[in-house]
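The values are calculated or read from the model by the stated rules, or taken from the named source; none is laboratory data. Small disclaimer: the values here were computed from a predicted structure and weren't measured. Note that we place each Cβ from the backbone using ideal geometry, even for glycine, and neighbour counts take in every protein chain shown. The area values use the complete protein model at the heavy-atom level, side chains included, leaving out ligands, DNA and RNA. Shrake-Rupley method; radii C 1.70, N 1.55, O 1.52, S 1.80 Å.
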Amino acid sequence: MLDSAAADARPTPLCPPDFPAAWQAALATQLASDETALAWLALNLDTQLHYSNSLLVLTPRRWLLCSTDAQQCRSWPLRPDLNLVLHDQAGVGSLILQDNHARLARWRYTLDQHPQALQLAARFESLRQAAQSSQATDTPDTPAPAAAPQRPSASALLRLWRFARPYRRQLSIGLILTLVSTAASLVPPYLTMPLMDDVLIPFQNGQPIEWPLVSLYLGGLLASSLLAWALGWGRSAILAWVSERIGADLRTTTYQHLQQLSLQYFGGKRTGDLMARIGSESDRICLFLSLHLLDFATDVLMIVMTAVILLSINPWLALATLAPLPLILWMIHWVRDRLRHGFEKADRVWSEITNVLADTIPGIRVVKAFAQEQREVARFREANNRNLAINDRVNALWSLFTPTVTLLTELGLLVVWVSGIWLVSHQAITVGVLTAFLAYISRFYVRLDSMSRIVSVTQRAAASSKRIFDILDHVSNVPEPAQPRPMSAIHGRIELSHIGFRYGNRSVIQDLSLDIAPGEMVGLVGQSGSGKSTLVNLICRFYDVSQGAIRLDGTDIRQFAVSDYRRHIGLVLQEPFLFYGSVAENIAYGRPDASRADIIAAARAAHAHEFILRLPHGYDSLVGERGQALSGGERQRISIARAILIDPPILILDEATSSVDTATENEIQKALDNLVKGRTTISIAHRLSTLREADRLVVMDSGNIVEIGRHDELLARQGAYARLYQAQLQSVQAGRSQAVHVADAPTKEAQHEGGAA
């Protein structure tokens, strides 16, 4: 055991000297007299990624998780098969405790606790290695534990129950109707026995037909058929109604969850892939629930009920009938995993096709500008060919499976004929019984063959469910607080206290501190990659800091609800994004309930009113996909109007004028002057001259602040800012001189030609 392996090395005190003092009294009630805390981690996130304090402690005997008052504690005894996995994502770290069969616990924390988590993991690993070496010395021939079994794909379908639970009443009614309709459909074959034995065979032997008896049997056939039809119609309508709502809820929940994920998730995903998951994958699941699941349930009920009826009529003939069933079931099990893997590959390749479409259709202007139509067609053809190859392999497997099942059912029917003729010849059964058997067995094998074909649809739906739940299982790296603090009047004071951030293992910002006063305009300057945009993303809380804290009016921004906090920030990007719709709808995107007068006032302040009136339908003119019907400067001024309309106390300008010409820049600068009045403003500008009026300039380099001051002060220091400014000034002058040279060249050439003449 782990405790025996480390018994000699563990310290004698209950808590080491550097153990957090605030936790010592609480932990003393949980540890045994001879148990010592070897390592610990102060957790600040709960399982739902809400901020919550708890303490994770490693002792020589167990893992111990305690709340702040130690009233709620949970422990996991140490065993040789335990393993600790550490995940490091932007803003959130995870420790996963697992054994050879399942995950036992997951503990989450913000990355400012990551160094302590590494120490905890290292201490546990040393304990585990010591225990394994001790165990290897005692029992050298003990085999290694088996790997944890892979979770079956059917579990993804079972997880759909969370979406079906609100409709469990309708599902119960549909199941009852399925059961009764299946039973009604089994009545006609049973009535063939008396029709043969009591009516037709006696008639062949010279007895008259009893028409009242015939009418009774035929009436039973008609009544059972009509009942089966009515019940089948009812169950189909109910289950189709339920499945459509489950599919709609699935799409809405997935899209809603996507909206709550951080930018870090979208940075690693393709747009086409996400569109395929929400669109085609959810449609496939809906089709499975509305049609194929109903057929599968009917097939299972039909097979079970038919088997019971056959056994009740004649057990020996029933056993002969069911002889091929084990082999068919084995084939279904054999082909299931192969189909699942094939469909998962096909779904991934199909998402590649969707990605090509999502890339080229919005970027068709660039494709045509660089004459890359054939290249994009070749890229699409390559993805399409991969999809074709994978589907060919799946179809080859399926084309072998289905005829084999059909062959086995035909052989089973042959066995029934042989056995039935032999039993009739020995007067063990009547011709009516054999006729009923043949009627039942034909339905039995038809349903068995149908159920085997549903395997393909089931595995495809399971693969789709897995891809949907891959999204739903992803947690945001920007967690919501458990008890959000209300946001009252915002003054706009922003404090960055020793913050740090990294993308994965790459550190971007280290120990940065900055205090921005309310109403102050701060310009962020520096070379590309210095961390300016990352700092803005942290202030907007698109990501959370790995260490330190960002405070708004003295409150850590992680204590505010994310949506409430971001409503107080106006963001103007370098490349403004406009949605397909009218100009007015885009300006009012942050305030959908804004009046037309408010929209026009915001457009006037953004110097956009004049060009909007020149559009064909004014404020009701469509801007096109991503605003393609407007110029870059017009799109930018609409985005400024959008920010003005929400009247934010904090304003962030990210290269708002870098991609426009000088005349347009002047118009945009006038709009920005109206926008920044009375607001705490953080501006990133490519042209340093646009930041002359900033209250302070913050010069960044490699994630650190190297200089702070006004424009004139920083130039006088002859430091990093002065070098940036001079380099940009020389670049501008060189560009102007080249333009003058090009403009004068024809005149000089003409003079030269005139002199030569």
Reported set for the range 188-222 where residues are free of Cβ contacts under 8 Å to residues at least 40 places away in the same chain, within 56 Å of the chain's Cα centre (by Cα) and surrounded by 15 or more Cβ atoms within 10 Å (Cβ to Cβ) is 191, 220, 221
Could you look through the range 481-529, keep only residues that are in a loop (DSSP other than H, G, I, E, B) and of a type in the set (A, V, I, L, M, F, W, C), and pick out the one that is farthest from residue 700 (Cα to Cα)? 482
Taking the range 591-608 and keeping residues surrounded by 19 or more Cβ atoms within 10 Å (Cβ to Cβ) and in a loop (DSSP other than H, G, I, E, B) leaves 606, 607, 608
Scan the range 506-523 and tell me whether some residue there is hydroxyl-bearing (Ser, Thr, Tyr), open to solvent by less than 50 Å² (accessible area, probe 1.4 Å) and either over 14 Å from residue 478 (Cα atoms) or in contact with a helix residue (DSSP H, G or I) (Cβ under 7 Å, 6 or more places away or on another chain) (or both). no
Within the range 552-565, is even one residue over 22 Å from residue 265 (Cα atoms), at pLDDT 85 or above and open to solvent by less than 10 Å² (accessible area, probe 1.4 Å)? yes
Picked from the range 300-324 (must be at pLDDT below 75 and in a helix (DSSP H, G or I)), the residue surrounded by the fewest Cβ atoms within 10 Å (Cβ to Cβ) is 320
Only one residue in 418, 405 is surrounded by 15 or more Cβ atoms within 10 Å (Cβ to Cβ), farther than 30 Å from residue 624 by Cα and among the β-branched types (Val, Ile, Thr). Which one? 405
I need every pair where a residue in the range 91-110 that is farther than 13 Å from residue 44 by Cβ and at pLDDT below 75 has its Cβ under 8 Å from the Cβ of a residue that is in a loop (DSSP other than H, G, I, E, B) and of a type in the set (Gly, Ala, Ser), sequence separation at least 6 or different chains. 100/146; 100/147; 100/148; 101/148; 102/148
For residue 117, only one of the following conditions fails: (1) farther than 30 Å from residue 243 by Cα; (2) open to solvent by less than 50 Å² (accessible area, probe 1.4 Å); (3) at pLDDT below 75. What is its number? (3)
Checking the structure you have, find out if any residue of the range 530-545 is part of a loop (DSSP other than H, G, I, E, B), of a type in the set (Val, Ile, Thr) and either in contact with a Leu (Cβ under 7 Å, 6 or more places away or on another chain) or surrounded by fewer than 17 Cβ atoms within 10 Å (Cβ to Cβ) (or both). yes
Scanning for something open to solvent by 10 Å² or more (accessible area, probe 1.4 Å), more than 25 Å from residue 684 (Cα to Cα), modelled with pLDDT of 85 or more and part of a loop (DSSP other than H, G, I, E, B), does the range 617-627 turn up at least one residue? yes
Residue check: is residue 156 within 30 Å of residue 250 (Cα to Cα), aliphatic (A, V, I, L, M) and at pLDDT below 75? yes
Looking for whichever is modelled with pLDDT under 85, touching a Ser or Thr at 6+ places or on another chain (Cβ under 9 Å) and either farther than 22 Å from residue 529 by Cα or among the aliphatic types (A, V, I, L, M) (or both) here; the options are 694, 745. Which one fits? 694
